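Engineer: Quick one: the structure is below, questions incoming.
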Amino acid sequence: MTRVAVVGAGMVGATTAARIAEARLCDSVALIDVAGDLARAMALDIGSSLPLLGSDTVLTGGESYEGARGADVVVITAGRPRQPGQSRADLLEGNGRIVAEVCAGVRSAAPDAVVIVVTNPLDEMTTLAQDALGFPPERVVGMAGLLDTARFRHFLAERAGAPASTVQALTLGSHGDTMVPLSRTATVAGRPAGEALGDAALGEVVQRTRDGGAEVVRLLQRGSAYWAPSAAVMLMVRAILRDEQVVLPIAARLSGQFGIDGVYVGVPARLGRRGVSEIVTSGLDEAEVTALRAAAEEVRSRVADLQGLGLMRGNASDSSADLALPSTATLTDAVRQSLL
Ligand code: TXD
């Protein structure tokens, strides 16, 4: 029996549960939400769609963490989304309290799970979750880089008038203003993106990628994106449950790689049944590593704010396992294999 639990049955949680069930990744999906009837309603509705879609996955919903008992993967989406004009950082304290509370429930119900954090501000909430859970860092990851990468590829494809499947690109760094879309190595139909689009257009696409989440928030006027985020979470759940060992851009806790220690930030990492098995450190130039470090410093300063609020147990900086294995794959090759 493989089980997934999704905490938070709002827009991202419900669409994620549906995608996982439709993809037939596991035997059961439990939705958990403080609004228990919302979780029950979503489980009922998604469950009723499955006979039409050829999936036998069992959906349950409720407010109790009993639903997460023995889960192989737990996805945390509980927390507020941004409203127009809000930055992700504005959510820090409120969502920090929610994520800390959720982690207490997850820790006792699913002590062996791999946990994927989705709640914003992403890198800070993932750092907090690993601390609150007390799980080894490789079993706690955050979803943002895969979404930002998908947005980068989508905007590049649109601007170039090319199918997205012919666009290779990668976005690292933090899920916010210090996002690092790698324009140097982006390609459209095998050509460097700068050559295919022109440098000015490429610069605009990079900026639109940084603002991609805000663009949806502004248009939607009540909450934030969920279709692209749920697709990205589903791919991460699949990589874990099927032990795919693929390199994906995800938030992983660094312990010295790129000169960064003790915080989560978006990097290329190999993901499988036991979580992160390798962080790929090759393939970035000096400017890109500098941008990654700047992103990590912003995360670190907001994690210090969480510490000031008494929301960190203080485990984050001393529980780092040395999981960084020497990497032989180049970044471009590794990601090319994984993101097609
Ligand atoms: O790239 C990414 N990581 C993101 C992150 C992409 C999209 C959305 N991102 C963030 O996910 C967003 O900024 C929010 O912080 C979360 C959830 O977004 P969603 O759009 O799903 O928000 P909703 O629809 O408001 O749902 C949140 C649910 C809601 O049903 C609450 O009742 C529930 O969270 N909630 C809780 N559940 C369990 N336990 C507690 N304590 C709790 N508090 C709220």
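The values are calculated or read from the model by the stated rules, or taken from the named source; none is laboratory data. Bear in mind the structure is a predicted one, so any value in this text is a computation, not a measurement. FYI the Cβ positions are ideal-geometry reconstructions off the backbone, even for glycines, and counts take in every protein chain you see.
Engineer: If a residue must be without any contact (Cβ under 8 Å) to a residue 40 or more places away in the chain and part of a loop (DSSP other than H, G, I, E, B), how many such residues does region 151-173 contain?
Structural biologist: 4
Engineer: Any idea which of (1) within 9 Å of the ligand (Cβ to nearest atom); (2) buried (at least 24 other Cβ atoms within 10 Å of the Cβ); (3) part of a helix (DSSP H, G or I) is the one N120 doesn't satisfy?
Structural biologist: The one condition N120 does not meet is (3).
Engineer: Report, by residue number, each residue of region 253-277 that is part of a strand (DSSP E or B) and more than 22 Å from M234 (Cβ to Cβ).
Structural biologist: R253, L254, S255, D261, G262, V263, V265
Engineer: Something else: Just to be sure before I move on: is G47 within 23 Å of the chain's Cα centre (by Cα) and crowded, with 19+ Cβ neighbours inside 10 Å in the structure I sent?
Structural biologist: no
Engineer: Only one of R69, R107 is at pLDDT 95 or above, surrounded by fewer than 15 Cβ atoms within 10 Å (Cβ to Cβ) and of a type in the set (K, R). Can you tell me which?
Structural biologist: R69
Engineer: Now a separate question. Any chance you could count how many residues in region 217-252 are on the phi < 0 side of the Ramachandran plot and part of a loop (DSSP other than H, G, I, E, B)?
Structural biologist: The number of residues fulfilling the criteria is 6.
Engineer: Please determine whether any residue of region 139-150 is more than 10 Å from the ligand (Cβ to nearest atom), assigned to a helix (DSSP H, G or I) and of a type outside the set (G, A, S).
Structural biologist: yes
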